[in-house]
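None of the figures in this text is laboratory data; all of them are computed from the coordinates on show. In this text the structure is predicted, and so the values were computed from the model without any measurement. Ideal geometry is used to build each Cβ from the backbone, glycine not excepted, and the neighbour counts take in all protein chains shown.
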Amino acid sequence: MTENNKQKYSLGIVGGTGKEGKGLAYRWLKAGHTVIIGSRQHEKAQRAVEELSEFMGHTPEGLQGMENRAAVEACDIAVITVPYAAHKATLEDLKDALQGKIVIDVVVPIMPPKISKVQMPAAGSAAQEAQVILGDTCQVVDAFQNISHERLMGQGDTDCDVLVCGKGKAARDVVLGLVADTGLKGWDAGPIENAMVVEGLTSVLIGLNMQHKVHASGIRITGIPDQV
Ligand SMILES: NC(=O)c1ccc[n+]([C@@H]2O[C@H](COP(=O)([O-])OP(=O)(O)OC[C@H]3O[C@@H](n4cnc5c(N)ncnc54)[C@H](OP(=O)(O)O)[C@@H]3O)[C@@H](O)[C@H]2O)c1
């Protein structure tokens, strides 16, 4: 498939007014996908659309802002980018609208103030928590936990890989395609039970950021030759 005839999706980003959501929106818009920025407030979603348009130097054809519920109802694939403290309530609220969809969960169970210490919820990870809340018709897939919004909004080499794990190989493959569309290298990191490692790594990276006075450390998988 060429770049032009690759499948395009409508991506509804819940909490898309925030730092990580806008970074992902920027990357997916550049790849030609439709992006619906979701927010608890319609006006805030519209402001995020204006900010992104200004950042990109034009208003991309496929960019819209809506309340979270409308964004989820209108999208093919939902993306969750709210703080962990809002994760459970947000998913419970949108559960009916998310049924039958792939849900890309970007949330890391960061529990301030100890943000550089891995603290997993009882379910094992935020992704497993989401899968329990949403039920079996949804496929929750973890991705982008280890890539900072600063790198997503940057222009150069992102120097960071993305581990993708979650329910079902077919769903992971769709998300791996969307990772590739952001310009990042994605890896199939297996079933949803592996999400605790992927999400936990973020606290390790936050600790490294603090130690080395940087903002955006990341990970690379090595030892696997490039596929021809
Ligand atoms: N920032 C990063 O570099 C980064 C990297 C990897 C993963 N993540 C993960 O991605 C998620 C989002 O991170 P972020 O830095 O983008 O967060 P953020 O900017 O602090 O918040 C994102 C959005 O979440 C919504 N929100 C905030 N409080 C809420 C509440 N109580 N209920 C419902 N929605 C609420 C807000 O949207 P509205 O007010 O418009 O509703 C906000 O704009 C987090 O779980 C984080 O762990 C972040």
The answer for GluC sites (Glu not before Pro) in segment 38-110 that fall in a DSSP coil and have at most 13 neighbouring Cβ atoms within 10 Å is E61
The distance between the Cα centres of segment 53-74 and segment 84-152, in whole Å, is 22 Å
Positive-end residue of I206, L163, L184, charge dipole of segment 10-212 with Cβ unit charges
I206
Going down the table (K6/K101; K22/K185; K30/K101; K6/K167; K44/K169), which pairs top 25 Å between alpha carbons?
K44/K169
Select from H58, H87, H215 the residue whose mean-square fluctuation is largest in a Gaussian network model of the chain (Cα-Cα springs shorter than 10 Å).
H58
May I ask you to derive the relative contact order of the chain, considering only C-alpha pairs under 8 Å and at least 6 residues apart, and to give it as an integer percent?
18 percent
Assigning unit charges at the beta carbon (Lys, Arg +1; Asp, Glu -1) and nothing else, what dipole magnitude in debye, to the nearest 20, does the chain show about its Cα centre?
360 debye
Quick query: amide H of V35 versus all other amide H atoms, modeled in the peptide plane; which residues come in under 5 Å with a sequence gap of 5 or more or a different chain?
L11, L63, Q64
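Please report, in debye to the nearest 20, how large the charge dipole of segment 84-129 is about its Cα centre when each Lys and Arg carries +1 at its beta carbon and each Asp and Glu carries -1 there.
Details: 5 positive and 5 negative charges, 45 e Å.
That gives segment 84-129 a dipole magnitude of about 220 debye.
Please list, by residue number, every one of the trypsin sites (Lys or Arg not before Pro) in segment 6-42 that is coil in DSSP and has at most 11 other beta-carbon atoms within 10 Å.
Values: sites: K6, K8, K19, K22, R27, K30, R40; in loops: K6, K8, R40.
For trypsin sites (Lys or Arg not before Pro) across segment 6-42 that sit outside H, G, I, E and B with at most 11 neighbouring Cβ atoms in 10 Å, the list is empty.
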Among M153, M66, rank each residue by its count of other Cβ atoms within 10 Å, from fewest to most, as a rough exposure measure.
M153, M66
